[in-house]
1. Could you please find all residues in the range 122-143 being of a type outside the set (A, V, I, L, M, F, W, C) and in a strand (DSSP E or B)?
2. Restricting attention to the range 102-121, report how many residues are among the small types (Gly, Ala, Ser), part of a helix (DSSP H, G or I) and in contact (Cβ under 8 Å) with a residue 12 or more places away in the chain.
3. Identify the single condition in (1) within 16 Å of the ligand (Cβ to nearest atom); (2) closer than 24 Å to Gly28 by Cα that Ser160 does not satisfy, given that it satisfies every other one.
4. Among the residues of the range 136-152, what is the count of those that are touching a Ser or Thr at 6+ places or on another chain (Cβ under 6 Å), within 16 Å of the ligand (Cβ to nearest atom) and not basic (Lys, Arg)?
5. Of everything in the range 153-170, what is crowded, with 24+ Cβ neighbours inside 10 Å, outside any strand (DSSP E or B) and either touching a residue at least 60 places away in the same chain (Cβ under 8 Å) or charged (D, E, K, R) (or both)? Give them in sequence order.
6. Would you check if Ser133 is more than 16 Å from the ligand (Cβ to nearest atom) and of a type outside the set (A, V, I, L, M)?
7. Need the failing condition index for Gly73 against (1) of a type in the set (Gly, Ala, Ser); (2) away from the ligand (no atom under 16 Å from the Cβ); (3) at pLDDT 95 or above, just the number.
8. Got at least one residue in the range 85-92 being within 30 Å of Ser133 (Cβ to Cβ), modelled with pLDDT of 95 or more, aliphatic (A, V, I, L, M) and within 16 Å of the ligand (Cβ to nearest atom)?
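The values are calculated or read from the model by the stated rules, or taken from the named source; none is laboratory data. Bear in mind the structure is a predicted one, so any value in this text is a computation, not a measurement. Every residue, glycine as well, gets a Cβ built from its backbone with ideal geometry; the counts of neighbours run over all protein chains shown.
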Amino acid sequence: MDFVVLGTGDAFSSKHFGSSAVVIAPEGQVLIDAPDALMRALASASASSGVRLGPDGIDDILVTHIHGDHVNGLEAFGFWRWLEWRRTGRTLPRLHTTNQVADRLWHRLAPAMDQGGTAALSDYFELRVLPKSSPARIAGLDVRHRMGRHTVPSCGFLISDGRRTLGWSGDTTWDPGHVEWLSEADFVVHETSPAPAHTPVDYLNALPPALRAKMALIHMPDDFDAESTSIRLLTDGELVRF
Ligand SMILES: [Zn+2]
């Protein structure tokens, strides 16, 4: 399975794009979260990875939670595809998320996107709430989710193409149950940043070697000490194959 890392930064980063990725799925590209400057992040990652990435090629978006560094890019992406729909009638992108995010997402986007009260979320995205106990079928992938522990409802993902599985923690404070759930994946992307909202790297450093060996870190503060861990650090624009 291949995925391109768009960004590895935390909410305050002045050096990196926000933590997000595009999974190259059997039936399309699947965006995980939509950080600030999404268009520039896609263009930059496209140039460095050699994988063509842009709002025209992404029909499925997974959203972990509603913090701005994970959803601020939805406004530009939504308008871009709305204009494309007006020009060509092309179908809208599907937005897959938890019922907690689905309930509040439009409250967040509406002041900028409701066009004087005439437009709704469904004018920009086809909203699909992730089923609680069964996988969602998305672009040829089976996607399961689990709630982590964050300051707002936030989920992680297990994303499988039937042969390989990608684990994605989403934003979460240290949660042994979450890591245990993610550990069935062949490759685990875990966030790290200071407590209490996030997972300090010391907890991850204490995990069994076999799990650490298939783990990579994202959502790092700009002053993160690369020497503080032996776990792989992801980089903006990197293509990961596993
Ligand atoms: Zn967050």
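1. Matches in the range 122-143: Glu126, Arg128, Arg137, Asp142.
2. So the count comes out to 2.
3. If we test Ser160 against (1) within 16 Å of the ligand (Cβ to nearest atom); (2) closer than 24 Å to Gly28 by Cα, just (1) comes out false.
4. 2
5. The answer is Ser154, Gly170.
6. So Ser133 fits the description; yes.
7. In the conditions (1) of a type in the set (Gly, Ala, Ser); (2) away from the ligand (no atom under 16 Å from the Cβ); (3) at pLDDT 95 or above, Gly73 misses (2) alone.
8. no
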